[in-house]
Amino acid sequence: MGGMMHDISINYLGEPEILTHPLYLKWSQLTFNDIVGTVNNVKTDLKGVEANMDNLKIIAYLSTLIRISGLM
């Protein structure tokens with residue numbers, strides 16, 4: 001059997017700290033059509049984010065972009 005799937009709540013939308021984060025500002029101006037073509041750049045940005053509690057919202061946002069891009 002494959003790996004376990006975990007539901008991740010998307011509750012970062014509209015919170016001030018995410019709306020002013022440089023990576024949110026960078027990627028939020030693009031359509032998913034644009035992001036699909038550059039998803040490796042999103043992954044590179046995510047790899048550069050420190051894996052700590054302070055960054056959970058941007059980690060969730062970038063992870064969501066990567067997941068949705070994979071559906072297209």
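The values are calculated or read from the model by the stated rules, or taken from the named source; none is laboratory data. On a predicted model such as this, the values are computed, not experimentally measured, just so you know. Here the Cβ is made from the backbone with ideal geometry for all residues, glycine too, and neighbour counts use every protein chain on show.
Sort out for me the helices (runs of 4 or more DSSP H) sitting completely within region 11-72 that have 2 or more residues that are among the small types (Gly, Ala, Ser) and within 11 Å of the chain's Cα centre (by Cα).
The helices (runs of 4 or more DSSP H) meeting that bar are 56-71.
Looking at (1) at pLDDT below 85; (2) over 13 Å from residue 61 (Cβ atoms), which is the one condition that is false for residue 32?
Just one mismatch for residue 32, condition (1).
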